[in-house]
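Bear in mind these aren't lab numbers, they're just calculated from the coordinates by the rules spelled out. What you are looking at is a predicted structure, and each value in this text was computed from that prediction instead of being measured. All Cβ positions, glycine included, derive from the backbone under ideal geometry; neighbour counts span all protein chains shown.
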Amino acid sequence: MSVESSSPDYDVIVIGSGIGGLVTATQLAAKGAQVLVLESYLIPGGSAGYFERSGYRFDVGASMIFGFGKQGTTNLLTRALDAVDMSLDTYPDPVQIHYHLPGDLELKVHRDYEAFIQELSDRFPHERKGIRKFYDECWRVFNCLNAMELLSLEEPRYLMRVFFQHPLACLGLVKYLPQNVGDIARRTIRDPQLLKFIDIECYCWSVVPAELTPMINAGMVFSDRHYGGINYPKGGVGQIAQKLVEGLEKKGSKILYKSRVKQILLKNNKAVGVELVNGKRYMAPRVVSNATRWNTFESLLPSETLPPAEQSWQERYQKSPSFVSLHLGVEASVLPQGTECHHILLEDWDKMETSHGTIFVSIPTLLDPNLAPPGYHIIHTFTPSWIDQWQGLTPKKYEAQKEEIADQIIDRLESIFPGLEAGLDYEEVGTPRTHRRFLNRQDGTYGPIPKRKLLGLLGMPFNRTSIPGLYCVGDSTFPGQGLNAVAFSGFACAHRIAVDLGL
Ligand SMILES: Cc1cc2nc3c(=O)[nH]c(=O)nc-3n(C[C@H](O)[C@H](O)[C@H](O)COP(=O)(O)OP(=O)(O)OC[C@H]3O[C@@H](n4cnc5c(N)ncnc54)[C@H](O)[C@@H]3O)c2cc1C
């Protein structure tokens, strides 16, 4: 919709309080901007939110948290909180993932790099050298990133400054930016089963195999898990968003809940404000969308005017699947002694990418027991699923399908947690429809994935859009999915806007 007159109420409006939106908002508030965040749900956080049932506090999605390191520059959650005078206590996780893979391949990714390399090399002794070479190459990418302040690549003066301060690191990144993990892994590794392992190492956060996973993201994930480590926030993942909001408000900016944006208002094709579903309007010279790019350009703006840049992005990227999620409360006796917090279960390599193929498990109460009643644990388990399978069902069929898939998942998990079914105290099942409804994500998607092999991260858009005054932030912008990644996107977005506003 085009508007006639507009007098700004705020410097910046952010649509959505996911971690990407909140980092943008808090960074700008810390620089003195007046920011309004509009969130359609009751609490902040989006995919990093939480909900409470029967004495359990469940994470909605994310629970393997990067970005809480104490040193370097890639600890973006620590830095984002610090910028608004906030901090969070966290529990270090000694093992990132315990893999249960085909061919009895049982492996733990230890926080200690050497312990991980040793364990993997013991399983593939003939590939000892190749393993070391591959993961060391990931460190080279990480060390480049971790040497420099991570801000907007759309800001030429920053690029110049960072280049003169860290020329070698910048050249290193330029080299890896167009590369994917698969090509690099195959240069040093031959064993097909080990290459499959590298595939699932990528798939578990990029939801595509190594061939399609950008090397820059892999450099971050495969190294930071041993550097800053995986750290679980005390009180649950929802605390991250809660603390960011507290900091935002202390800096004089504002968040409104139950405030669903219906459309972005344009004047002379420039974004000037937003209109909520209740008809209320808010004006600002800069509007940031933390919704997915599909929601932003197909729902919040007239879809018939999809800018050519977005059309070409949609030709390169597609929506990843959503998930079926089980939020379980279980008797503590279900978990064998020494159980790790995060697990991945796959019985057949050919099913890694299929619907309900790979199962992810997270047991946050092993790190923070206060999230469940005494004597009980939380098991959050989820598996990729496409929305098509859940559409057009009668309510009865929908419930029956939920129960069927949930039973299958529990049955498969009995292989690592014998007695799981008997020890169930609470069960809630979410589907791609749940993700779509509560997270406001088209088709409940986890985010964009390449349609075909692309040149690493070169095809991912930054924060500015073809519409002046409108920016995007979050997992459909550079560098992609994950809390630390969307925090990066938030730092970059706020930096670019601050320069545009002259802050
Ligand atoms: C099951 C699952 C497990 C995951 N596990 C991990 C993990 O272990 N580690 C990790 O790092 N990452 C994980 N992720 C990914 C991570 O959670 C996401 O990449 C990240 O949280 C996305 O953040 P975002 O800022 O892009 O937006 P989102 O989290 O999608 O938030 C967007 C917000 O905008 C709001 N919104 C949208 N449209 C409107 C509108 N029109 N009006 C008002 N508000 C609106 C939404 O309600 C939402 O609150 C997981 C995700 C899922 C789903």
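With the condition kept exactly as written, say whether any residue in the stretch 484-499 is assigned to a loop (DSSP other than H, G, I, E, B) and of a type outside the set (A, V, I, L, M, F, W, C).
So far as the stretch 484-499 goes, no, none of its residues is assigned to a loop (DSSP other than H, G, I, E, B) and of a type outside the set (A, V, I, L, M, F, W, C).
Where in the stretch 301-348 are the strands (runs of 3 or more DSSP E), entirely inside, with at least 3 residues that are within 16 Å of the ligand (Cβ to nearest atom) and either farther than 30 Å from residue 469 by Cα or not small (Gly, Ala, Ser) (or both)?
By residue number, 322-331, 342-345.
Report yes if some residue within the stretch 89-100 is surrounded by fewer than 18 Cβ atoms within 10 Å (Cβ to Cβ), of a type in the set (Asp, Glu), within 17 Å of residue 231 (Cβ to Cβ) and touching a residue at least 12 places away in the same chain (Cβ under 8 Å); otherwise report no.
Checking the stretch 89-100: at least one residue is surrounded by fewer than 18 Cβ atoms within 10 Å (Cβ to Cβ), of a type in the set (Asp, Glu), within 17 Å of residue 231 (Cβ to Cβ) and touching a residue at least 12 places away in the same chain (Cβ under 8 Å).
Tell me, yes or no, whether the stretch 444-460 has at least one residue that is under 13 Å from the mean Cα position of the chain (by Cα), near the ligand (Cβ under 10 Å from one of its atoms) and over 21 Å from residue 301 (Cα atoms).
Going through the stretch 444-460, the residues under 13 Å from the mean Cα position of the chain (by Cα) turn out to be 445-449.
Then keep just the ones that are near the ligand (Cβ under 10 Å from one of its atoms); that gives 445-447.
Then keep just the ones that are over 21 Å from residue 301 (Cα atoms); that gives 446.
Yes; the residues of the stretch 444-460 include at least one that is under 13 Å from the mean Cα position of the chain (by Cα), near the ligand (Cβ under 10 Å from one of its atoms) and over 21 Å from residue 301 (Cα atoms).
Taking the stretch 29-70, which residues are away from the ligand (no atom under 15 Å from the Cβ) and touching a residue at least 12 places away in the same chain (Cβ under 8 Å)?
Matches in the stretch 29-70: 29, 30, 31, 32, 33, 34, 53, 54, 55, 56, 57, 70.
Select, from 315, 304, 310, 340, the only residue that is surrounded by fewer than 16 Cβ atoms within 10 Å (Cβ to Cβ) and in contact (Cβ under 8 Å) with a residue 40 or more places away in the chain. Let's see the steps before the verdict.
On the way: 304 fails: in contact (Cβ under 8 Å) with a residue 40 or more places away in the chain; 310 fails: surrounded by fewer than 16 Cβ atoms within 10 Å (Cβ to Cβ); 340 fails: surrounded by fewer than 16 Cβ atoms within 10 Å (Cβ to Cβ).
Going through 315, 304, 310, 340 in turn, the sole match is 315.
I'd like the residue in the stretch 220-268 that is within 12 Å of the ligand (Cβ to nearest atom) and small (Gly, Ala, Ser) and, out of all such residues, is farthest from residue 291 (Cα to Cα).
Looking at residues that are within 12 Å of the ligand (Cβ to nearest atom) and small (Gly, Ala, Ser), I get 238.
Which one of 364, 336 is within 19 Å of residue 57 (Cα to Cα) and of a type outside the set (A, V, I, L, M)?
364
Filter the stretch 275-300 for residues that are part of a strand (DSSP E or B) and either out of contact with any Pro (no Cβ under 8 Å at 6 or more places or on another chain) or within 10 Å of the ligand (Cβ to nearest atom) (or both) and give the result.
Residues satisfying the conditions are 275, 276, 281, 282, 286, 287, 288, 289.
Mind checking which strands (runs of 3 or more DSSP E) fall wholly inside the stretch 422-472 and carry at least 2 residues that are hydrophobic (A, V, I, L, M, F, W, C)? Give the steps one after another, and end with the answer.
Details: elements: 424-430, 448-450, 470-472.
Fully inside the stretch 422-472 and qualifying: 424-430, 470-472.
Residues in the stretch 3-13: is at least one buried (at least 22 other Cβ atoms within 10 Å of the Cβ) and either under 17 Å from the mean Cα position of the chain (by Cα) or within 13 Å of the ligand (Cβ to nearest atom) (or both)?
Yes, that holds for at least one residue.
Which of the residues that make up the stretch 172-195 are among the basic types (Lys, Arg) and touching a Leu at 6+ places or on another chain (Cβ under 8 Å)?
186
Hey, can you tell me all the residues within the stretch 367-401 that are within 16 Å of the ligand (Cβ to nearest atom), within 25 Å of residue 354 (Cα to Cα) and in a helix (DSSP H, G or I)?
Within the stretch 367-401, 387, 390 meet the criteria.
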